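These notes concern the structure reproduced below.
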Amino acid sequence: MKNENKEKIKKLNWLGFQKKERLERIQMLKENGFLSDEFEQILKKNENLPLETSNQMAENGIGTFALPFSIAPNFIVDGKDYAVPMVTEEPSVVAGCSYAAKIIGKSGGFTTEILNRKMIGQVALYEILDFDNAISMVLENKNKLLKIANDAYPSIVARGGGAIDIEVRNIDEFLVVYLIADVKEAMGANILNTMLEAIKTPLENITNGKSLMAILSNYATESLVKAKCEVNIKLLSSSMEKSIETAKKIELASKFAKLDVYRATTHNKGIFNGIDAVVIATGNDWRAIEAGGNAFAAKNGKYEGLTTWTFDESENKLKGELTLPMPIASVGGSIGLNPSVKAAFNILGNPNAKTLASIITSVGLAQNFAAIKALVTTGIQHGHMKLQARSLALLAGAKGKEIDIAVERLLESGKSINLENVKEILEKIK
Ligand code: NDP
């Protein structure tokens, strides 16, 4: 498998991908075997969500809203090559991710583990007179309640999934009943909500209590995915001394993010820069992934950085790890409705939910590597300001070659990177 992959890596050609024109990049995706004829045409035409569809998806529509659709090539996840579609408006995210994927790819890529894949929902009950009795009644009636839940959503049972367990807990004045379900390829919010609403009244009858609400939990602790990578530190710098220093600093940066909540929040924001971009590109619910990930960051009683980096001096390797709830779907929601989302799936080789979760968690780890490596070496502004200057040049009305000239002159001038200065330079060029 490894040798086969090496053969494929040799054949893949991403040379100068970032400097190519849009259509040339689509061509490269095609030539590297990441795009079918159908989706090549969709991308070439920049075909987007049709208005008739968008009007059915959300209320009070007045149009569709576009964002940049990009590719981070060079990803190797569990021995397989990927070109990862990303949707983000933030400069540097795709560049950072691609850079990290290349370095980590040269060190063997990412390995992932799906720790489990179940969704959890809850019914909160109150005005319970006897908690001990209510808890035993729920547990005694577990099979009956599971049957009611499954009868409410028979199609997921027919697909081999469905409600599989019930747990119950007394939290202060509430009795909370947790329903655990296998939702197969879906994210499962609607599936679980339907099941939970079906067991709400039976639970009130069994417990002699009142139900407050019945809803899926986005704290998806039964859908954890772990991504790991090992970076050969020789790839961190041309000087071994500098490589060792950088590896040690990356380890320290990960430690710092476990200790200081101000840093942890930004550290994790950087991880979600990558994760959200792929979650959006693949039509998944990024609010659900963010909420679950941020709650998981506080699992030890305080909010911490989600990644762990350690420098193994004996092997000269920097080892990174990220574990996250990743209840991602390959079907359901709006996934089948948006041509760009379908193109993203095509580029990824139509992964199932587990594979997609592995890719996305790896992207989070890559994005974090890029961010903290930049932070502990050149600083984040070094790469960021060039892209920021590009955005400002566009905003100031630069076209074609004027963009590069304006960016170059602004950076050379040493002046602040702001709109006023770009406009001044652009006037001189014009
Ligand atoms: P859907 O309601 O779209 O349900 C998924 C559907 O996919 C199923 O009904 C099933 O239909 C179909 N399906 C086809 N093949 C499979 C397969 N192999 N495995 C599983 N299902 C399959 O989506 P979800 O229930 O996943 O809910 C996700 C949506 O809910 C998202 O849009 C999300 O934004 C939203 N949401 C999120 C909430 C939250 O996060 N708190 C709350 C409420 C909604 P069938 O079997 O009948 O053919």
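Derivation of every value follows stated rules applied to the coordinates shown; laboratory data play no part. Note that the structure is predicted; figures quoted are calculated from it, not measured. Backbone-built Cβ (ideal geometry, glycine too); neighbour counts: all protein chains shown.
Below, the figures for the structure above:
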item: Distance in nm between pseudo-label sites at K269 and E40 (7 Å out along the Cβ direction from Cα); result: 4.1 nm
item: Sequence-distant residues sharing a close amide H with I164 (under 5 Å, placed H); result: I180, A181, D182
item: Nearby aspartates and glutamates by direct alpha-carbon distance to K299 (threshold 19 angstrom, same-chain neighbours under 8 apart not counted); result: E222, D260, E290, E321
item: Kirkwood hydrodynamic radius over Cα pairs of the chain, then Stokes diffusion coefficient at 10 °C and 1.306 mPa s, in µm²/s; result: 66 µm²/s
item: P(r) of the stretch 25-128 over all Cα-Cα pairs, binned every 5 Å from zero, in whole percent; result: 2, 9, 13, 13, 15, 13, 13, 9, 5, 3, 2, 1, 0
item: Hits among lysines - C-alpha to C-alpha of K302 under 17 Å, sequence gap 8 or more where chains match; result: K255, K258, K269
item: Span-rule helices in the chain, defined as complete DSSP H runs reaching 27 Å or more along the axis (Cα) with Kyte mean at least 1.0; result: 353-376
item: Positive dipole terminus of the chain, leading residue within P50, N74, V341 (C-beta point charges); result: N74
item: Diffusion coefficient, µm² s⁻¹, Stokes-Einstein with Kirkwood Rh over alpha-carbon pairs of the stretch 382-428 at 37 °C and 0.692 mPa s; result: 327 µm²/s
item: Taking L337, L306 and counting other C-beta atoms within 10 Å, the order from fewest to most; result: L337, L306
item: Lysine pairs with alpha-carbon atoms under 16 Å apart, the stretch 382-428, spacing 8 or more or separate chains; result: 9
item: Zero-based 5 Å bins, Cα pair distances in the stretch 120-253, whole percents; result: 2, 10, 18, 16, 12, 8, 5, 4, 5, 6, 6, 5, 3, 1, 0
item: Value of [θ]222 nm, deg cm²/dmol, for the chain, DSSP H segments ≥ 4, -39500 (n - 2.57) each, nearest 500; result: -16000 deg cm²/dmol
item: Along each principal axis, Cα extent of the stretch 196-299, largest first, Å; result: 71, 32, 22
item: Spatial separation of Cα centroids for the stretch 24-93 and the stretch 121-149, in angstrom; result: 45 Å
item: Reach of K147 by Cα under 26 Å, taken over lysines that are not fewer than 8 positions away in the same chain; result: K118, K184, K200, K210
item: Modelled label reach - V157, point 7 Å along Cα→Cβ, the stretch 121-137 residues with backbone N closer than 20 Å; result: 121-123
item: Lys, Arg +1 and Asp, Glu -1 on Cβ, resulting dipole of the chain about Cα centre, debye, nearest 20; result: 1540 debye
